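Heads up: the structure comes next, in structure tokens.
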Amino acid sequence: MSDYIPFDCNEYDKLEILAMHKTAITLLPNPYDSIEPLTIVDLIAKDGEEHMHLSNGEKIRLDRIDIIEEQIIFLKFDGSEEE
């Protein structure tokens with residue numbers, strides 16, 4: 001059983017708009033070494049978890065998102081990297 005926490009629908013809508021408009025986003029803290037502009041390529045639900053697929057090929061579980069402010073996405077930081 002997954003430890004995934006369902007993502008708020010209103011916040012999901014914000015991600016969909018960013019993805020539709022191919023808006024460059026900023027992740028804070030940024031878990032990747034890349035400084036290239038990131039965009040959301042797709043939002044995928046699979047096996048009871050939702051993921052944001054990014055233009056650099058990475059994916060982030062939506063329950064790792066803390067706050068979405070405009071095009072800045074603040075991630076929860078627990079001291080460990082995503083597997």
Practice item. Look at Ile44 and say whether it is assigned to a strand (DSSP E or B), at pLDDT below 95 and aliphatic (A, V, I, L, M). Key: no
Check your understanding: How many residues are of a type outside the set (A, V, I, L, M), surrounded by fewer than 16 Cβ atoms within 10 Å (Cβ to Cβ) and over 14 Å from Leu75 (Cβ atoms) when one looks only at segment 1-37?
Key -> 16
Practice item. Determine whether segment 50-59 contains at least one residue that is of a type in the set (Asp, Glu) and in a strand (DSSP E or B). Key: yes
Review point. Can you pull out the residues in segment 38-63 that are among the β-branched types (Val, Ile, Thr) and under 22 Å from Phe77 (Cβ atoms)?
Key: Ile40, Ile60
**Study point:** Pick from segment 38-58, criterion surrounded by fewer than 12 Cβ atoms within 10 Å (Cβ to Cβ) and not small (Gly, Ala, Ser), ranking: nearest to the chain's Cα centre (by Cα)
**Key:** Asp42
Check your understanding: Can you name the residue in segment 59-76 that is loosely packed, with under 14 Cβ neighbours inside 10 Å and within 14 Å of Lys22 (Cα to Cα) and is also farthest from the chain's Cα centre (by Cα) among such residues?
Key -> Glu70
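The values are calculated or read from the model by the stated rules, or taken from the named source; none is laboratory data. All of these numbers come straight from a predicted model, not from anything done at the bench. Cβ: placed from backbone, ideal geometry, glycine included. Neighbour counts: every protein chain shown.
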